[in-house]
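The values are calculated or read from the model by the stated rules, or taken from the named source; none is laboratory data. Bear in mind the structure is a predicted one, so any value in this text is a computation, not a measurement. Cβ: placed from backbone, ideal geometry, glycine included. Neighbour counts: every protein chain shown. Please note that ligands, DNA and RNA were not included when accessible areas were found on the heavy atoms of the full protein model with its side chains. Shrake-Rupley method; radii C 1.70, N 1.55, O 1.52, S 1.80 Å.
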Amino acid sequence: MEAKAQAKYVRCTPMKARRVVDVVRGKRAVEAVNVLRFAPQAAAVPVRKVIESAIANARFKAEAAGERFDENDLFITEVFADEGPTLKRFRPRAQGRASRILKRTSHITVYVGDRADTATKEGAR
């Protein structure tokens, strides 16, 4: 059983989100949530919420299909943080000038599944 969750327009730069995402890639979903709960990075909060959402989506899909569900069997098969649109702002500077500030956003995507799902996905590549 594979499930997906996505958070769009997260006000966190993609580079900072990727630092957190790289820590949890390939781990058990429950273990990744516990790791992120105590991670000092601010980007850990939205990444943790997306993983929890993916676990909930997997539970919903399993119940709808009438399958057995155990969240301890779920692994993070794929996770990535892409760049979203950039908000452009201006900051006043000396002598009447202005400089541009780029407030970057991220799209965080998480796929969770069993180890069997991981093996079939790697075989298809």
Query raised in the report: Say we look at region 70-85 and pick out the residues that are among the aliphatic types (A, V, I, L, M) and not in a loop (DSSP other than H, G, I, E, B); which of these is surrounded by the fewest Cβ atoms within 10 Å (Cβ to Cβ)?
Result: I76
Requested in this report: Considering only residues that are in contact with a helix residue (DSSP H, G or I) (Cβ under 7 Å, 6 or more places away or on another chain), β-branched (V, I, T) and open to solvent by 20 Å² or more (accessible area, probe 1.4 Å), look in region 1-23 and name the one that is farthest from K49 (Cα to Cα).
Outcome: V23
Query - Which listed residue is at pLDDT below 95, closer than 25 Å to D114 by Cβ and among the aromatic types (F, W, Y), from F75, F69 - result: F69
Query raised in the report: For G26, all conditions in the list (1) modelled with pLDDT of 95 or more; (2) open to solvent by 10 Å² or more (accessible area, probe 1.4 Å) hold save one; what is the number of the exception?
Result: (1)
Query raised in the report: For the subset of region 95-125 comprising residues that are hydrophobic (A, V, I, L, M, F, W, C) and under 20 Å from A3 (Cβ atoms), which member is modelled with the lowest pLDDT?
Result: A119
Query raised in the report: Taking into account only those residues within region 36-52 that are surrounded by fewer than 15 Cβ atoms within 10 Å (Cβ to Cβ) and touching a helix residue (DSSP H, G or I) at 6+ places or on another chain (Cβ under 7 Å), which is nearest to I108 (Cα to Cα)?
Result: Q41
Query - Filtered residues of region 16-63 (kept if under 15 Å from A5 (Cβ atoms), among the small types (G, A, S) and free of Cβ contacts under 8 Å to residues at least 60 places away in the same chain) - result: A32, S53, A54, A56, A58
